[in-house]
Amino acid sequence: MYVIINGHVIDPANNVNRKCVIAVEKGKIAFVGNRRNLPVEFKKADVMDASGCYVAPGFIDLHVHLREPGLEYKETIVTGARAAAAGGFTTIVCMPNTEPVNDGGEVTNFIRKKAQREASINVLCAGAISKNLEGKELARIGEMKEAGIVAITDDGHCVMNAGLMRRAMEYANGFDLPLFIHAQDYDLCMSGVMNEGENSVRFGLPGIPAAAEDVIVARDIELAALTGARVHFCHASTARQARMIKDAQRRGLKITGEVTPHHLALTDEACSTYDADFKMYPPLRTSNDRKALRKALAEGVLCAIATDHAPHAENEKKCEFEIAANGVVGLETALNVALSLVERKTLSLSQMVYAFTEGPAKVIGSAAGALSAGSDADITIFSTSEKTVIDTAKFHSKGKNSPFKGMEFKGKVKKTIFHGKTIYED
Amino acid sequence: MARRKKKAFPHKAILGIEALSVDDVRYIIDTARNLRSVFKRRRIKKTPALQGRTVLNLFLEPSTRTRVSFELAEKRLSADIINIAAASSAIVKGESIFDTGRTLLAMSPDLIVIRHKMGGSPHFLHKHLEIPVINAGDGINQHPTQALLDLLSILDRIDTVEGKTITIVGDIKHSRVARSNVLLLKKMGAKVRLCGPPTLLQPEYATLGGEIFYDLKQAVEGAHVVMMLRVQLERMKMGYFPTTNEYRRLYCFTAKHLKLARKNALVMHPGPMNRWVEIEPEVADSENSLILDQVANGISIRMALLYLLLGEKG
């Protein structure tokens with residue numbers, strides 16, 4: 001039993017954005033409100049002083065690659081969960097592109113059980129749409145649903161067959177599961193490794209046009225209209241996509257979208273050094289795209305900041321740009337990058353917290369992401385003023401492939417609390 | 001040459017054209033000409049300028065002309081040479097260029113000449129190994145020594161490229177030769193036209209500094225120089241154009257086109273040529289053709305760069 005005092009609480013789900021206290025008992029939130037209204041039994045409880053800090057629901061990351069089973073040299077459930085805790089995340093959704101692929105109940109069970117045993121946070125699973133992510137036949141979605149998946153996705157791969165995608169949407173409706181869409185038309189991407197445009201011409205690297213992503217987004221919006229499915233677009237990177245999602249939402253379709261910190265912060269200009277820590281799919285796009293993504297996030301068209309945390313071994317990145325692995329780590333830098341948007345007034349602090357809590361919670365229909373009385377006490381306490389220089393050597397993640405390495409930011413995660421227990425402290 | 005007072009050359013690597021100033025380019029061209037005239041006078045084609053220095057030729061993509069040209073340039077300057085070619089390299093066995101580079105560094109080379117099928121690889125190598133590097137062609141990015149030898153070949157015939165119209169024709173999208181040439185020719189004040197099928201020349205290529213044409217006749221009209229690029233038949237299979245015959249009809253540079261260009265217009269090709277695909281043999285072998293000059297000048301330019309990067313100071 002303890003009370004968090006002196007913090008500025010931001011809980012968009014409950015419309016709280018002011019100084020107040022939070023009482024925690026038996027891993028649950030017991031009370032949120034003014035100190036003078038604190039129930040009498042907490043008057044003598046221990047206090048946790050959050051002076052100068054903001055207190056928010058534990059962050060949720062809809063898009064994380066944990067690499068276990070099979071690719072433990074890149075990351076494990078435990079190291080990934082530690083990185084998450086250090087980044088202020090108490091709930092993460094891990095993608096199915098492990099080895100073996102999470103396309104059936106046994107892998108889902110393996111991850112869920114191992115996470116419950118060894119990880120200090122809530123590790124949720126997204127199951128595959130298709131067997132072995134091959135885009136040919138449906139994965140055992142019902143079996144995975146029983147094992148606890150919260151979404152289906154072929155993330156890292158795109159279901160190119162529109163007919164199969166239609167079936168997947170219809171089938172997922174039976175379980176009320178959202179589909180996380182990794183939009184990538186392979187015939188348009190070809191051997192591209194960065195955004196196609198003036199900068200790919202300048203740097204002499206094969207390009208990936210924005211249209212490679214947009215045509216799949218357009219297709220899947222129409223399939224969502226056809227099937228009524230809940231469709232969530234992963235790592236939106238184009239201005240056009242943001243526009244299409246907004247229009248689809250106006251049509252009343254159940255469409256949501258997420259954006260990564262790196263697409264919010266960087267542009268394809270970063271590829272000038274041929275440093276593969278700036279290589280990912282979708283690629284960094286233009287400043288025009290970045291502007292549209294920031295706007296869409298502020299408007300709530302994109303409701304979540306998701307990291308697409310993709311740890312890789314050093315040798316998979318320290319090589320020729322064109323053969324380097326796709327993806328960057330993000331769990332331990334997400335808050336810093338997001339706060340930089342708050343500082344430049346792209347987002348309000350409460351919009352930022354929304355994108356880390358209520359926004360993503362809605363996508364997967366989770367009760368997390370709110371500081372409601374009676375709910376699990378998952379809490380993130382952070383400063384917006386303390387300086388942080390990104391030092392990848394200090395990452396809890398095995399992956400050091402951060403595009404933000406060496407950069408200086410304001411803000412820091414001070415404490416991460418999961419079910420009432422402090423699991424990370426600065 | 002080696003005895004002449006040497007001006008400082010402010011570069012540690014030749015990775016692309018952007019980093020070179022107009023003065024640097026003039027200095028490279030002058031040095032190449034000086035070396036060329038020294039060797040012209042000599043019966044024994046060798047000078048000790050790079051004696052005791054080791055140059056590593058790392059050719060991770062098949063190459064005949066460029067490799068031989070570099071090797072000859074190195075031999076004429078008396079450098080010790082290590083040759084590593086694609087087939088014999090560990091890269092084929094899945095080793096990254098970082099590990100290959102580190103291994104090779106243990107052999108203490110003084111400079112690495114690298115040809116690689118991926119853009120930015122020379123930059124990567126230079127950054128991580130911190131030794132002089134010459135880019136001998138990287139993916140679809142750049143081929144700076146080719147652009148410099150092309151410029152030397154042009155300047156042997158006309159005194160300046162400033163204000164002159166130079167048309168580059170072919171697969172611009174996949175051509176490192178075109179990219180380095182546009183950047184260099186623009187830098188030196190030329191007006192550059194780019195021409196090719198729209199699938200191989202998207203509008204954004206204008207940002208390199210060239211005016212875009214899809215009609216060969218218009219592109220070569222009044223041009224002082226026409227540079228044809230090799231079209232790879234592999235591109236046809238990938239659907240960039242329908243047939244070789246159609247490419248020939250639309251983009252083969254013929255005597256008829258030559259008449260549309262400026263009188264005495266110069267014709268260039270970096271080789272190897274597809275006769276009767278991108279160029280009519282009669283034109284390739286005509287007096288207007290610089291094609292063999294290009295080959296000979298390649299050795300001079302490469303000697304100049306090796307000398308400037310490695311030769312004794314002052």
Item to check | Estimated translational D of the stretch A:345-416 in µm²/s (Stokes, Kirkwood radius over Cα pairs; 37 °C; 0.692 mPa s) | outcome: 227 µm²/s
Checklist outcome for this item: Rounded to whole angstrom, the alpha-carbon centroid of the stretch A:406-426 lies from that of the stretch A:273-301 at a distance of 25 Å
Checklist entry - Could you give the angle, 0 to 90 degrees to the nearest 10, between helix A:334-343's Cα long axis and the longest principal axis of the Cα atoms of chain A? => result 80 degrees
Checklist outcome for this item: Averaged over the residues of A:184-194, the number of partner chain Cβ atoms within 10 Å of each residue's own Cβ comes to 1
Checklist entry - For A:GLU99, what charge total do you get from the other residues with a beta carbon under 11 Å from its beta carbon, if Lys and Arg give +1 and Asp and Glu give -1? => result 0
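Using a 1.4 angstrom probe, figure out how much accessible area the protein assembly as shown has per residue, in square angstrom, rounded to the nearest whole. If you can, show how the numbers build up before the last one.
Working: 29010 Å² over 740 residues.
With all protein chains present, the protein assembly as shown gives 39 Å² per residue.
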Item to check | GluC sites (Glu not before Pro) restricted to DSSP loop in the stretch A:320-426 with at most 11 other C-beta within 10 Å | outcome: none
Next on the checklist: I'd like the trypsin sites (Lys or Arg not before Pro) in the stretch B:36-79 restricted to DSSP loop residues with at most 12 other Cβ atoms within 10 Å, sorted by number.
Outcome noted: B:ARG42, B:ARG43, B:LYS45, B:LYS46
Next on the checklist: I need the phi-derived Karplus couplings for the stretch A:17-27: 6.51 cos²θ - 1.76 cosθ + 1.60, θ = phi - 60°, integer Hz, Gly and Pro marked x.
Outcome noted: 7, 6, 5, 7, 10, 10, 9, 10, 9, 6, x
Checklist outcome for this item: Counting only DSSP loop positions in the stretch B:190-294, the GluC sites (Glu not before Pro) whose Cβ has at most 11 other Cβ atoms within 10 Å are B:GLU287
Checklist outcome for this item: If each K or R counts +1 and each D or E counts -1, the residues other than B:GLY239 whose Cβ falls under 14 Å of its Cβ total -1
Checklist outcome for this item: Here the percent of antiparallel bridges among DSSP beta bridges lying wholly in chain B, to the nearest 5, is 5 percent
Checklist entry - Counting partner chain Cβ atoms within 10 Å of every residue's Cβ in B:124-130, what's the average? => result 2
Checklist entry - Semi-axes, largest first, in whole Å: what does sqrt of 5 times each Cα gyration tensor eigenvalue give for the stretch A:59-364? => result 26, 22, 21
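Rank by packing, highest mean first: peptides B:293-306, A:180-193, B:252-265, with packing defined as the count of other Cβ atoms within 10 Å averaged across residues.
Highest-to-lowest ranking by the protection proxy: B:293-306, A:180-193, B:252-265.
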Checklist entry - For the protein assembly as shown, what does the equivalent ellipsoid look like in terms of its semi-axes, each the square root of 5 times an eigenvalue of the Cα gyration tensor, given largest first in whole Å? => result 57, 29, 22
Checklist outcome for this item: Shape descriptors of the stretch A:176-218 over alpha-carbon atoms, Rg and Dmax in angstrom, are 12.6, 46
Next on the checklist: Which residues belonging to the stretch A:316-338 lose at least 50 Å² of 1.4 Å-probe accessible area when the assembly is complete, relative to their chain isolated?
Outcome noted: A:LYS318, A:GLU320, A:GLU322
Checklist entry - If the viscosity is 1.306 mPa s and the temperature 10 °C, what Stokes-Einstein diffusion coefficient in µm²/s follows for chain B when Rh is the Kirkwood radius over Cα pairs? => result 79 µm²/s
Item to check | Accessible area buried at the A-B interface, both sides summed, 1.4 Å probe (Å², nearest 100) | outcome: 1700 Å²
Checklist entry - What do you reckon, how do A:MET95, B:MET273 stack up by accessible area (1.4 Å probe), largest on top? => result B:MET273, A:MET95
Checklist entry - Taking a temperature of 10 °C and a viscosity of 1.306 mPa s, what whole-number D in µm²/s does Stokes-Einstein yield for the stretch B:228-301 with Rh from Kirkwood over alpha carbon pairs? => result 121 µm²/s
Item to check | Heavy atoms of A:GLU106 accessible to a 1.4 Å probe, total area in Å² rounded to 10 | outcome: 100 Å²
Checklist entry - In the protein assembly as shown, what % of DSSP beta bridges are antiparallel (nearest 5)? => result 30 percent
Next on the checklist: With every protein chain left in place and a probe of 1.4 Å, what is the accessible surface of A:ARG166, to the nearest 10 Å²?
Outcome noted: 80 Å²
Checklist entry - Using the alpha-carbon atoms, what tilt in degrees (0 to 90, nearest 10) does helix A:162-173 show relative to the longest principal axis of chain A? => result 20 degrees
Next on the checklist: Mean Kyte-Doolittle hydropathy of 0.5 or higher plus an axial Cα length of 27 Å or more: which whole DSSP H helices in chain B meet both?
Outcome noted: B:291-310
Checklist outcome for this item: Rounded to the angstrom and largest first, Cα extents along the principal axes for the stretch B:158-289 equal 41, 33, 24
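Compute the orientation-averaged projected area for the stretch B:264-305 from the convex hull of its Cα atoms and round it to one decimal in nm².
On the way: hull surface 13.2 nm².
If I average the Cα hull's projected area over directions, I get 3.3 nm².
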Checklist entry - In nm², what is the average projected area of the convex hull enclosing the Cα atoms of the stretch A:296-409? => result 8.8 nm²
Item to check | chain A: relative contact order as a whole-number percent, Cα under 8 Å and 6+ apart | outcome: 19 percent
Checklist entry - So how tilted is helix A:77-86 from the main axis of chain A? Cα-based, degrees 0 to 90, rounded to 10. => result 60 degrees
Checklist entry - What is the antiparallel percent of DSSP beta bridges lying wholly in chain A, to the nearest 5? => result 50 percent
Next on the checklist: For a distance above 17 Å, tell me the whole-number percent of Cα pairs in the stretch B:101-199 that qualify.
Outcome noted: 57 percent
Checklist entry - What ranking, highest mean first, results for peptides B:22-33, B:183-194 when packing means the other Cβ atoms within 10 Å averaged over each residue? => result B:183-194, B:22-33
Next on the checklist: Past 27 Å, Cα to Cα: identify those pairs from B:LYS46/B:LYS117; B:LYS191/B:LYS263; B:LYS45/B:LYS164; A:LYS254/A:LYS412; A:LYS19/A:LYS412, in the order given.
Outcome noted: B:LYS46/B:LYS117; B:LYS45/B:LYS164; A:LYS254/A:LYS412
Checklist entry - Based on the Cα coordinates of the stretch A:38-142, what is the per residue volume of their convex hull in Å³? => result 144 Å³
Item to check | Debye intensity ratio I(q)/I(0), log10, the stretch A:185-322, q values 0.22 Å⁻¹ (C-alpha model) | outcome: -1.33
Next on the checklist: Can you give the local net charge around B:ALA296? Use residues other than it whose beta-carbon is closer than 13 angstrom to its beta-carbon, Lys and Arg +1, Asp and Glu -1.
Outcome noted: +4
Item to check | Accessible area of the stretch A:59-364 belonging to carbon and sulfur atoms, whole % at 1.4 Å probe | outcome: 48 percent
Next on the checklist: Regarding the stretch A:270-343, what's the average projected area of the Cα-atom convex hull, expressed in nm²?
Outcome noted: 5.5 nm²
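The values are calculated or read from the model by the stated rules, or taken from the named source; none is laboratory data. Here the structure is a predicted model, which means the values were calculated and not measured. Counting neighbours? That spans all protein chains shown, and the Cβs are built from the backbone with ideal geometry, glycine included. We work out accessible area using only protein heavy atoms, side chains counted, and drop any ligands, DNA or RNA first. Shrake-Rupley method; radii C 1.70, N 1.55, O 1.52, S 1.80 Å.
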